[in-house]
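Participant: First the structure, which I've put down as structure tokens, then a few questions once you've had a look.
Please treat every number below as a calculation from the coordinates, not as lab data. Nothing here was measured: the structure is a model prediction, and the numbers come from that model. Glycine also receives a Cβ, built like all others from the backbone with ideal geometry; neighbour counts cover every protein chain displayed.
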């Protein structure tokens, strides 16, 4: 198993699940994980360019929020799928990073995203949750929500693979 | 087949292939396709924000180019995977759009991208080519290249599904 | 929106969500959906070949179960990723099909699967749930679980796009 | 770079490309790679079950062939998408494996496949080619073709990530 890049995390999988098979909280290996994630996020210059902010980080979870701006759009005035993806990828990366040891870096190996609805709204949130943490590879899923007044619409769904880099 | 969203394009598939099964040029249905693609691209405000330009469009192909800028980066100073994806998604969308009838819109259904190498370079190009055009759904692949002096590195590989919207 | 293939399902999305944004039950359009799914499954000859059975179908959900057999394996004696995928694809297809009108067919447009752990066990289940039903396209996610004694391991995670065919 | 799992393969990337950016032949690290692939394939019991055979292996390429059988089908009598995927995954795995050192194992990390046309034909071939070999991770693409008399139809397109296991 460890050769697969998922370390010994499999051993405790069932015990970390409640009966409906929903993941319970993961244990972070680095108690300072939240600050480490925030510091790392602050170095992503593109987040400043597009106006995104990190609004939540937990062990294995991360939320990135983006207010609408007219300069982030595709041809119909919706937020561009690439920007939606940028949010989701970033949230997935930091959800994975939160569970890594302190001496880690993280980059995306690959991801797949389904665009479910036009990204129309006053603000958007990508909410990521680790599905399977590993010593090398971590699998994460995210949804992107659009907020318009009282209404919340799911606009995208991502499934991603992140890799730990030793630093 | 037409119910599959790939229209009658399958009928002529083999005849469009040479013996090594490489796609030959597609026939555009709209002789004005190149101008239609350029006009549509000009409406993508995010392309102006990041500094991307459309540098090539053909029947079933499209290239989008992006000079490096330090405000497009992730934590290590590489261009963010989300920006790489924005380029590739846009190139795929317009490669598909080039083959659609004049009264069409296009949006992404989904895509998957592998990040192959850090996006380091003076400029980047996403080069897309339609693999399978359809009446409703079109499958497109793209590669993203980084240019640094004389050297070209392939940094990402996308496989995408685009959908035609009647307008 | 309807042009996107997701019909008017977006309109009621928020109302179908409870505060934690978990999907509530979908309303089937065909009251006879369960029998329609079972009849369709019975026509999949490959399910008989590999020994899979449909063990649950609900509005927007489906479970397919496979006992281990040594002739379903890859080089290390694990169930082959292609068989794991066959289960997950089938569960996703029928989860989508359950919400379609009576005069529908369904085929896969595309899917992406992460293999999380070796498929080792006495039996396997692919459990699919529709994330976004649409008039034409439906997005579904599935997990594949391995059962070994008391232990349950998540071995794969799929995100898929299914298309309705008019029949 | 080596941290990314792609080893130093990036260094020689440009020199391995001709002007149209088509990959040239890869150098196998194990001169006995073809026999190693064939021996490994022979241990995949599911290949015998479905009747698939390895018909070509080169440095970074692999073809797997499957004659049609009525017990491999989905509800409409086409070969099941899961079987198409099984072929493509296997071809991708061995294309990657062919470039690995002698003391290697290989498993799939993830893959994404687009189903382009119904899998109708007398026989099917999955043809895989490595896009990016790496020390740990290898990215491979495959197409699945259907053969019916004189006609060849592309029925699926895969983009996959394979991982080397030390053995």
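Participant: Using a 7 Å offset from Cα along the direction of the beta-carbon, what are the separations from residue D:103 to the same position in each other copy, nm, ascending?
Facilitator: Copy-to-copy label distances for residue D:103: 2.4, 6.6, 6.7 nm.
Participant: I'm a student and want to see the number: the projected area of the Cα convex hull of the range A:94-157, averaged over all directions, in nm².
Facilitator: 5.1 nm²
Participant: Another one. Need one number: nm distance between label points at residue B:135 and residue C:122, each 7 Å from Cα along Cα→Cβ, rounded to one decimal.
Facilitator: 5.1 nm
Participant: Using only Cα atoms and rounding to the nearest 10 degrees, what angle (0 to 90) does helix C:33-42 make with the longest principal axis of chain C?
Facilitator: 40 degrees
Participant: Shifting gears a bit: Any idea what log10 I(q)/I(0) is at q = 0.05, 0.06, 0.07, 0.10 Å⁻¹ for the protein assembly as shown, Debye with uniform C-alpha scatterers and no solvent?
Facilitator: -0.19, -0.28, -0.39, -0.87
Participant: If the viscosity is 0.692 mPa s and the temperature 37 °C, what Stokes-Einstein diffusion coefficient in µm²/s follows for the range B:2-166 when Rh is the Kirkwood radius over Cα pairs?
Facilitator: 203 µm²/s
Participant: Among D:138, A:55, which comes first, then next, by fewest other beta-carbon atoms within 10 Å?
Facilitator: Starting with the residue having the fewest Cβ neighbours, the order is A:55, D:138.
Participant: With no solvent and one equal point scatterer per Cα, compute the Debye intensity ratio I(q)/I(0) for the range B:40-80 at 0.15 Å⁻¹ and report its log10, rounded to two decimals.
Facilitator: Values returned for q = 0.15 Å⁻¹ are -0.44.
Participant: Let me know the mean shielding of B:50-56 by other chains, meaning the per-residue number of their Cβ atoms within 10 Å of its Cβ.
Facilitator: Averaged over the peptide's residues, the number is 1.
Participant: Now for a different question. So what is the 222 nm mean residue ellipticity for chain D from helices alone, if each DSSP H run of at least 4 adds -39500 (n - 2.57) and you divide by all residues, rounding to the nearest 500 deg cm²/dmol?
Facilitator: Calculated mean residue ellipticity at 222 nm is -6000 deg cm²/dmol.
Participant: While we're here: If you take the beta carbon distance between residue A:42 and residue A:148 as r and set R0 to 25 Å, what does 1/(1 + (r/R0)^6) give as a FRET efficiency, to the nearest 0.05?
Facilitator: Efficiency, rounded to the nearest 0.05: 0.30.
Participant: What nm distance separates the two modelled labels at residue C:69 and residue C:27, each placed 7 Å from Cα along Cα→Cβ?
Facilitator: With each label point 7 Å from Cα toward Cβ, the separation is 4.2 nm.
Participant: Restricting attention to the alpha-carbon atoms of the range C:80-125, what are Rg (one decimal) and Dmax (integer), both in Å?
Facilitator: Rg and Dmax of the range C:80-125, Cα atoms, are 12.9, 39 Å.
Participant: Compute the long axis of helix B:81-97 from its Cα atoms, compare it with the longest principal axis of the Cα atoms of chain B, and write down the angle in degrees, 0 to 90, nearest 10.
Facilitator: The two axes meet at around 20 degrees.
Participant: Could the peptides B:86-92, D:142-148 be put in order, highest first, of the mean number of other beta-carbon atoms found within 10 Å of their residues?
Facilitator: B:86-92, D:142-148
Participant: Give the relative contact order (percent, whole number) for chain D; include only Cα pairs under 8 Å separated by 6+ residues.
Facilitator: 24 percent
Participant: Hey, another quick one. As a footprinting exposure proxy, order D:43, A:65, A:132 by other Cβ within 10 Å, with the fewest listed first.
Facilitator: Exposure proxy ranking, most exposed first: D:43, A:65, A:132.
Participant: If you rank D:73, B:62 by fewest surrounding Cβ atoms within 10 Å, what's the result?
Facilitator: D:73, B:62
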